[in-house]
Amino acid sequence: MSKNYDLIVIGGGSGGVRAARMAATYGAKVAIIEEYRYGGTCVIRGCVPKKLFVYASRFPELFELSSDFGFDVSAKFNWSTLLANKNREISRLEELYVKTLKNWKVDIFRDKGIIEGANEVRLKRENKILKGKYILIATGAKPFKPNIKGAEYGITSNEALDFKHLPKRLLIEGGGYIAVEFASIFLGLGVDVCLAYRRDLVLRNFDNHIRVTLEKSLLAKGLDLHYQASIIRLEKNDAAIDVYFSNGEKDKFDAVMFATGRVPNIEGLGLGNAGIAKNSNGAIEVDDYGQTMCPSIYAVGDVTGKVQLTPVAIREGAAFAENLFNNNPIKVDYSLIPTAIFTEPEIGTIGLSEERAVEIYKNIEIYIANFRPMINTLGENDEKMLLKLITRKNGGRVLGCHIVGHGAGEMIQLIAIPMGMGATKADFDRAIAVHPTAAEELVTFKAPSYIYENGKKLS
Ligand code: NDP
């Protein structure tokens, strides 16, 4: 038996659910298929549980700081309580996702969807065919583990979000978002964390000031950082794992976590049955509207390998629904994407790094504020905050903004608005400061800290 839909969505994460819901609001008859849990990576094993853990990891430092403000706090941490509360919250969010879909009369399937042709998807468990005018692939990405001996003894962020007991010694491999965020979380929770990265400085491609500032803070908090080091072999040794590194070192850890990137989730999807092409990274090739090589099949989110961020997948899902079900073709603009890295200290960033800006524009101005935030001024904590603006010369257009410190994620969200409107340094200067805040630095910069002329740095 088969059933006809206007749209069949495969994947119940951020992009898929947004597309399904919006298409349904425009009157489409929609089916959505998810093989694991509704909510996808972001809700179930990514942004949401991660951020809850980030909050937890920040308490010990706050307890310490509180003594400078006259408090005498003695605190005990219970991992099982955090885990149970986190699980309850993601279940609540999952239910909300499902409820919203039901409210819009979307047919919900808990199964694996396999593409059988341009307009057909088979439900694997039910072995039933659904027919659709359009199919949307929104299956996301999954963690990648390097192909080394013993890789099976290592975990990924998926499992680290559900540790039964906190490890005493944790090794994380990688230097990207997930590596630094999880290193920061587990450091904050009192775990002895070692980070191994194959290059020289974490967060490649980010502004150098951010990278150096974060590195300094993580080291001060006790991170055992090893550069030019990759894991080449893991061996299970009773309860511990013996780790062999590319630099000849050997060590022992309770847990080893790979944060070595994420790959598109396309296994067993049946892409070949509809002639859908992949690029060299295994991601589904799509045009500016998310259309694959098969005209009735589209893809959004991490599975397209464009930008692996939840809000981007949501925007792509919305654009897809606008295009096909509201006769409103929208191309997603990828040029100015704000992003936060939830380390401690937090990072918020948008636009060009200093290094990229000088490469492109040659003549730029750099404004930097680097100071001890007010909350640290009563005690010994000398961690600094960094706010940095990169503009074209003579106070022209703002090209980049990079912040390290408390509230950086919140600030960068708001900075994305004027930057998207093409704001100049003069526009920033016109804003009246909010005092005393850290963000006021962004609107009170006088002279540049230094400038570049014809690509050459001048002070
Ligand atoms: P990233 O691509 O950010 O980082 C992967 C890291 O692993 C890099 O440092 C990379 O090194 C290293 N690496 C890759 N392959 C190997 C290998 N074979 N051996 C050793 N090291 C390796 O991926 P993440 O897993 O950190 O995150 C995935 C995506 O999820 C990110 O791109 C991000 O968009 C998203 N994300 C966003 C968050 C947020 O918005 N706060 C939070 C978490 C994830 P090299 O630098 O040399 O390439």
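All of the numbers you see were taken from the coordinates with simple rules; none came from a lab. Because the structure is a prediction, the values reported are computed rather than measured. Counting neighbours? That spans all protein chains shown, and the Cβs are built from the backbone with ideal geometry, glycine included.
Observations on the structure shown:
- Restricted to the stretch 183-272, the set of strands (runs of 3 or more DSSP E) holding at least 1 residues that are away from the ligand (no atom under 11 Å from the Cβ), over 20 Å from GLU344 (Cα atoms) and in contact with a strand residue (DSSP E or B) (Cβ under 9 Å, 6 or more places away or on another chain) comprises 231-237, 240-245, 250-253, 255-258, 262-264.
- Where strands (runs of 3 or more DSSP E) fall wholly inside the stretch 346-451, the ranges with 3 or more residues that are of a type in the set (A, V, I, L, M, F, W, C) and under 26 Å from GLU215 (Cα atoms) are 364-371, 385-392, 398-404.
- Helices (runs of 4 or more DSSP H) wholly inside the stretch 1-106 that include at least 3 residues being farther than 30 Å from GLU322 by Cβ and in contact (Cβ under 8 Å) with a residue 12 or more places away in the chain: 47-66, 79-103
- Per the listing LEU352, LEU336, the residue uniquely under 25 Å from GLY455 (Cα atoms), crowded, with 20+ Cβ neighbours inside 10 Å and aliphatic (A, V, I, L, M) is LEU352.
- The listed residue being within 16 Å of the ligand (Cβ to nearest atom), over 30 Å from ASP207 (Cβ atoms) and within 25 Å of the chain's Cα centre (by Cα), out of GLY175, GLY140, GLY154: GLY154
- Qualifying position, being within 16 Å of the ligand (Cβ to nearest atom) and within 26 Å of the chain's Cα centre (by Cα), among THR292, THR304: THR304
- Within the stretch 351-370, considering residues that are within 17 Å of MET411 (Cα to Cα) and more than 22 Å from the chain's Cα centre (by Cα), the one farthest from the ligand (Cβ to nearest atom): TYR367
- Residue in the stretch 152-165 that is part of a loop (DSSP other than H, G, I, E, B) and farther than 23 Å from PHE59 by Cα present: yes
Every residue, every condition in (1) within 30 Å of LYS29 (Cα to Cα); (2) within 16 Å of the ligand (Cβ to nearest atom), yes or no:
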site	(1), (2)
GLU316	yes, yes
PHE320	yes, no
ILE330	yes, no
THR349	no, yes
VAL398	no, no
ILE403	no, yes
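- Filtering the stretch 22-53 to residues that are of a type in the set (Gly, Ala, Ser), surrounded by fewer than 21 Cβ atoms within 10 Å (Cβ to Cβ) and within 16 Å of the ligand (Cβ to nearest atom) leaves nothing.
- Counted residues, the stretch 359-402 - those being among the aliphatic types (A, V, I, L, M) and under 20 Å from SER66 (Cα atoms): 4
- The one condition from (1) among the small types (Gly, Ala, Ser); (2) closer than 26 Å to LEU387 by Cα; (3) buried (at least 20 other Cβ atoms within 10 Å of the Cβ) that ALA229 does not meet is (2).
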